[in-house]
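Next up is a structure, given as structure tokens.
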Amino acid sequence: MALKIIHITDIHDGHPKNDGLFVHALDELETFARLCGNDQAILVVTGDIIDYPDQKRLHRAADLLRKLQERSGIPVVVVPGNHDMVENRIRPGFMKTPRGWKAQKAAFAKEFAWTVRPPGSSTILETVFPPMTTVPGVYYRVDRAVDENGRVLHLVGLDTVAEDAFFAEGRLGEEQISR
């Protein structure tokens, strides 16, 4: 058995040009999962799942991914992008407030809490460091996959959405770097 990583990013569900793309992509992934046969696969989703910060759309995206995991057996790992936040990030100064930043991170973490796997809970994947939501600018997760031959692969997801910026600026927090 081989370990396969399936990576999707920047779906921007809800953007007028992407109508139906997310559902279609997940259908294709489910077909791919069946083609993997005995191989083991992990789906890594690296942000901008939705196009605009909307709680209903974020919930829908999480629900679609959870159902894909349940049907296919492929574990899902999710890291947020700057479009995945729930509160109105356009409102001047909102991101600079602890309430605003923490509320956005907490809403995302709540929707995708089911992707965190305690050690020993999965035969292929476990979460070594769960996502952090309490420190502005610090969001990361580390997951470890182990194949049948004992080879280890670490998946490190770093959210680089700056706490005082409208768009991601590619900055990592000191705590992210030290980890």
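Would you kindly state how much longer the chain becomes between Thr31 and Asp147 on full extension, computed as 0.36 nm times their sequence separation minus their alpha carbon distance, in nm to one decimal?
39.6 nm
Kindly identify the range 12-51 as rounded, prolate or oblate by the Cα gyration tensor criterion: order the square roots of the eigenvalues as a ≥ b ≥ c, call it rounded if a/c is under 1.5, otherwise compare a/b with b/c, prolate if a/b is larger, else oblate. Before the final figure, lay out each step's value.
On the way: a/c = 6.34, a/b = 2.02, b/c = 3.13.
Oblate is the answer for the range 12-51, as a/c is 1.5 or above yet b/c matches or exceeds a/b.
Any read-out appearing in this document is the output of simple, stated calculations on the displayed coordinates, not a laboratory observation. Predicted, not measured: the structure shown is a model, and the values here were computed from it.
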